[in-house]
Amino acid sequence: MAGEPRIEHLVTSGTFSLDGGTWEVDNNVWLIGDDDEVVVIDAAHDAEAIVAAVGDRRLSAVVCTHAHDDHVNAAPEVADRTGAPILLHPDDQVLWKMTHPNRRPDRAVADGERIEVAGTFLRVLHTPGHAPGAVCLYAPGLGALFSGDTLFAGGPGATGRSYSDFGAIIGSIGDRLLTLPGETAVYPGHGDTTTIAAEAPHLEEWAARGW
């Protein structure tokens, strides 16, 4: 028996660089699967740790919520070591090429697409703003949203750097995420888990404050 699908969590550490600056960051790496197969969301910093977390299971995909370097810097090595394809929304190719100019993602993902794993699925939600090709992954069977850097506990992702747009991220959160069931757990790319219900009352406040 493969067991029920479940969510596993790994924290990796490294740096994020863009627009001439570099910052130390801790990233959440999420694994969704069972005892036989798994999907990795955001292969960040430490390929060795991610491959160890996958173990002897089949890695069916490395899904990138967006292509900032701290979310994709370990993706090619993880893919090469496991045979898994790298999935990225095409609108983030410009950011991907900054980190991996000689390696393309293996496949594009599209809004509304279903990524099947371990008897459940992740639905791709295109949520531009933090990055033009940012996506979130909604797993209704698990009551979970993997929000990348679009939505955090306490606010939206940053939009003060190249290729980001504050109005777009507020629209994405309001139209695509806060319409999900309130009990949906939100698993972001950095920091603590939250819920849709906890964040929904604050959208107008965020919009008014400009972040």
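The values are calculated or read from the model by the stated rules, or taken from the named source; none is laboratory data. Quick caveat, the model's predicted, so the values are computed rather than measured. Counting neighbours? That spans all protein chains shown, and the Cβs are built from the backbone with ideal geometry, glycine included.
Would you pick out the residues in segment 140-191 that are crowded, with 23+ Cβ neighbours inside 10 Å, part of a strand (DSSP E or B) and aliphatic (A, V, I, L, M)? Within segment 140-191, Leu145, Leu151, Val186 qualify. When Thr159, Thr195 are checked against the criterion of being within 25 Å of Ser17 (Cβ to Cβ) and of a type in the set (S, T, N, Q), Thr159 stands alone in meeting it. Taking segment 83-115 as the range and being of a type outside the set (A, V, I, L, M, F, W, C), surrounded by fewer than 19 Cβ atoms within 10 Å (Cβ to Cβ) and in contact (Cβ under 8 Å) with a residue 12 or more places away in the chain as the test, the residues that pass are Gly83, Pro85, Pro90, Asp91, Gln93, Thr99, His100, Arg103, Asp106, Arg107, Asp111, Gly112.
In segment 16-52, of all residues being of a type in the set (Phe, Trp, Tyr) and in contact with a helix residue (DSSP H, G or I) (Cβ under 9 Å, 6 or more places away or on another chain), the one that is farthest from Tyr138 (Cα to Cα) corresponds to Trp23. For Ala52, are the conditions met, namely being at pLDDT below 95, more than 20 Å from Asp149 (Cα to Cα), loosely packed, with under 15 Cβ neighbours inside 10 Å and small (Gly, Ala, Ser)? Here the answer is no, as Ala52 does not meet what is asked. Among the residues of segment 39-68, the one identified as closer than 14 Å to Glu8 by Cα and touching a Pro at 6+ places or on another chain (Cβ under 9 Å) is Ala43. Within segment 135-170, the set of residues being of a type in the set (S, T, N, Q) and closer than 16 Å to Gly191 by Cβ comprises Ser147, Thr150.
So that you can scan it fast, the table gives a plain yes or no per residue for (1) out of contact with any helix residue (DSSP H, G or I) (no Cβ under 9 Å at 6 or more places or on another chain); (2) of a type in the set (A, V, I, L, M):
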{"site": "Ala110", "(1), (2)": "no, yes"}
{"site": "Glu116", "(1), (2)": "yes, no"}
{"site": "His130", "(1), (2)": "no, no"}
{"site": "Gly133", "(1), (2)": "no, no"}
{"site": "Gly141", "(1), (2)": "yes, no"}
{"site": "Ala144", "(1), (2)": "yes, yes"}
{"site": "Gly148", "(1), (2)": "no, no"}
{"site": "Phe152", "(1), (2)": "no, no"}
{"site": "Gly157", "(1), (2)": "no, no"}
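Filtered by the rule that a residue be surrounded by fewer than 14 Cβ atoms within 10 Å (Cβ to Cβ) and more than 27 Å from Leu18 (Cα to Cα), segment 199-211 gives Pro201, Glu204, Glu205.
To keep it simple, each residue is scored yes or no on (1) polar (S, T, N, Q); (2) surrounded by fewer than 18 Cβ atoms within 10 Å (Cβ to Cβ); (3) at pLDDT 95 or above; (4) closer than 24 Å to Pro132 by Cα.
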site	(1), (2), (3), (4)
Pro5	no, no, yes, no
Asp19	no, yes, yes, yes
Glu24	no, yes, yes, yes
Gly33	no, no, yes, no
Val38	no, no, yes, no
Ala44	no, no, yes, yes
Cys64	no, no, yes, yes
Glu77	no, yes, yes, no
